[in-house]
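Participant: Quick one: the structure is below, and I'll ask about it shortly.
The values are calculated or read from the model by the stated rules, or taken from the named source; none is laboratory data. A quick note: this is a predicted structure, and the numbers were derived from the prediction, not measured. FYI the Cβ positions are ideal-geometry reconstructions off the backbone, even for glycines, and counts take in every protein chain you see.
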Amino acid sequence: MKKICRVCNKELLLESFGVLNGFPDGRNPRCKLCVNRYMASWRLEHLDVIRERDRNRWQKRRDTTLRRKYGLGIEEFNEILKNQGGVCAICGRVESGSNGWGRYENLHVDHVSESGAIRGLLCFHCNTGIGHFNHDPDVLRIAITYLEASMA
Ligand SMILES: [Zn+2]
Ligand SMILES: [Zn+2]
């Protein structure tokens, strides 16, 4: 079975039209290619709107995650971040990781697992680093002595 696209007027196989309710044949009157083309140009024209929308959505999701995991809202997170100058509390670097959408991943919330108290915000490396030392200052001190001895 074939169908003519309303936009490009090409006669195409029914499979070339996306499924869409509300139409007599249950298919989009525009072929998939035309829909893609339309979406792409819409996206180009509305980049700012999309970016803003994604940002808000992402912020909201981030807020929910922070609250659930650390009892910390995005406002408080940003406050701590500001106090730290926007960088990792240990190495002073900005987080370099990306979450896959080209956005910067936020610094990790370093918290005391027993009490839930927040120590500060750390980059991925420092966070896992002190984690591997079990957050034990004594072991870390020994590690420093060990490292410095090999430097002398
Ligand atoms: Zn078409
Ligand atoms: Zn760091």
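Participant: In a strand (DSSP E or B), at pLDDT 85 or above, among the aliphatic types (A, V, I, L, M) and surrounded by 10 or more Cβ atoms within 10 Å (Cβ to Cβ): does that describe L140?
Facilitator: no
Participant: Applying the selection to segment 112-137, what residues are out of contact with any Cys (no Cβ under 9 Å at 6 or more places or on another chain) and not in a helix (DSSP H, G or I)?
Facilitator: Answer for segment 112-137, where residues must be out of contact with any Cys (no Cβ under 9 Å at 6 or more places or on another chain) and not in a helix (DSSP H, G or I): V112, S113, E114, S115, G116, A117, I118, R119, F133, N134, H135, D136.
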